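The values are calculated or read from the model by the stated rules, or taken from the named source; none is laboratory data. Since the model is a prediction, treat every value here as computed from it, not as a measurement. Quick reminder, even Gly has a Cβ in these numbers, built from the backbone with ideal geometry, and neighbours come from all protein chains shown. Quick note on the areas: whole protein, heavy atoms, side chains included, nothing else; ligands and nucleic acids left out. Shrake-Rupley method; radii C 1.70, N 1.55, O 1.52, S 1.80 Å.
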Amino acid sequence: MSDLADALWQARLGGPVVDIPTSLTLSEAYAIAARNHARRLARGDRAAGRKIGHTWPATWAAQGIAAPTWGWLYADTTDDLADALDLAAWREPKVELELVLRLGMDRRPDAMALGLEIVDRPYPSWDFPVAASVSAGGVHAALLHGPWQPFDPQADLSTLRACLRVGEQYSEGGSERVLGSPLRALEALADLLDEQEALPLQPDEIVTTGALTPALPLKPGQRCEARIEGLPGSLLAPLAFTTSA
């Protein structure tokens, strides 16, 4: 496992792609991710929160899993959304549209924002098993979010509809893809951390709650637009950026 951890670490730093691990268990994958998370902290990176993945139960049987997965978010890969996004640092990035929650001192959501998570593969292709994704930190590359808005505990997040467009490509979905609601995804994440005896969610953490639509590939020179319908106030405003090489 140490060899795979080392290879994934180097791949993230711009090294060669890693052979896809096909026999890795989930517990081994989390151990590899934890090893490289510790490396990031040791070199001065700061954890900013968590991401939950594989939140659509309809796909679990085909993926050989029975629960969602999780990984870390970092301060140096999280930022406000800008008008342009340089793709030069990544191999074959994709974008996911998510609702992002920020936790208050009571570890409950106190703010929310629209988020676009950029994911990138450390492997030769995107065709790899869930454990391979987990070992690579959920293939997280960046999180770009819109303005924070106060969280409304009365808001019904079980009926969200979302759409994502990149160039001529389009995907849509909704709450059904995130365990029925971003709040249920947050609860599932807390339960998963408890089961693994991992660090519980902390005040001021940000949490991405799962992809509301299928991810779309990003290439230079494209316009990306994203919208979530069913949220209160200015969160209805779409997010958009243009990519560059």
Close pairs (8 angstrom Cβ cut-off, 6 or more residues apart or separate chains): aliphatic (A, V, I, L, M) in the range 206-229, in a loop (DSSP other than H, G, I, E, B) and surrounded by 22 or more Cβ atoms within 10 Å (Cβ to Cβ) anywhere: Ala211/Thr55; Ile228/Leu212
Any residue at all in the range 178-191 that is over 17 Å from Asp204 (Cα atoms), modelled with pLDDT under 95 and not in a helix (DSSP H, G or I)? no
Restricted to the range 192-226, and to residues that are part of a strand (DSSP E or B) and crowded, with 19+ Cβ neighbours inside 10 Å, which residue is nearest to the chain's Cα centre (by Cα)? Thr208
Residue check: is Asp79 out of contact with any helix residue (DSSP H, G or I) (no Cβ under 7 Å at 6 or more places or on another chain), exposed (fewer than 15 other Cβ atoms within 10 Å of the Cβ), under 21 Å from Gly167 (Cβ atoms) and not hydrophobic (A, V, I, L, M, F, W, C)? no
Go through (1) on the phi < 0 side of the Ramachandran plot; (2) within 18 Å of the chain's Cα centre (by Cα); (3) buried (at least 20 other Cβ atoms within 10 Å of the Cβ) for Gly137 and report which single condition fails. (1)
Just to be sure before I move on: is Ala141 under 25 Å from Arg12 (Cα atoms), touching a Ser or Thr at 6+ places or on another chain (Cβ under 9 Å) and not in a strand (DSSP E or B) in the structure I sent? no
For the range 152-174, enumerate the residues that are in contact with an Asp or Glu (Cβ under 8 Å, 6 or more places away or on another chain) and under 15 Å from Pro109 (Cβ atoms). Leu160
Which of the residues spanning the range 31-62 are polar (S, T, N, Q) and part of a loop (DSSP other than H, G, I, E, B)? Thr55
Report, by residue number, each residue of the range 60-74 that is under 20 Å from Leu186 (Cβ atoms) and either open to solvent by 40 Å² or more (accessible area, probe 1.4 Å) or touching a His at 6+ places or on another chain (Cβ under 9 Å) (or both). Trp60, Ile65, Ala66, Ala67, Pro68, Thr69, Gly71, Trp72, Leu73, Tyr74
Residue hits (the range 39-84; among the hydrophobic types (A, V, I, L, M, F, W, C) and either closer than 23 Å to Gly104 by Cβ or under 17 Å from the mean Cα position of the chain (by Cα) (or both)) are Ala47, Ala48, Ile52, Trp56, Ala67, Trp70, Trp72, Leu73, Ala75, Leu81
Given (1) open to solvent by less than 40 Å² (accessible area, probe 1.4 Å); (2) out of contact with any helix residue (DSSP H, G or I) (no Cβ under 9 Å at 6 or more places or on another chain), index of the condition Ala42 fails: (1)
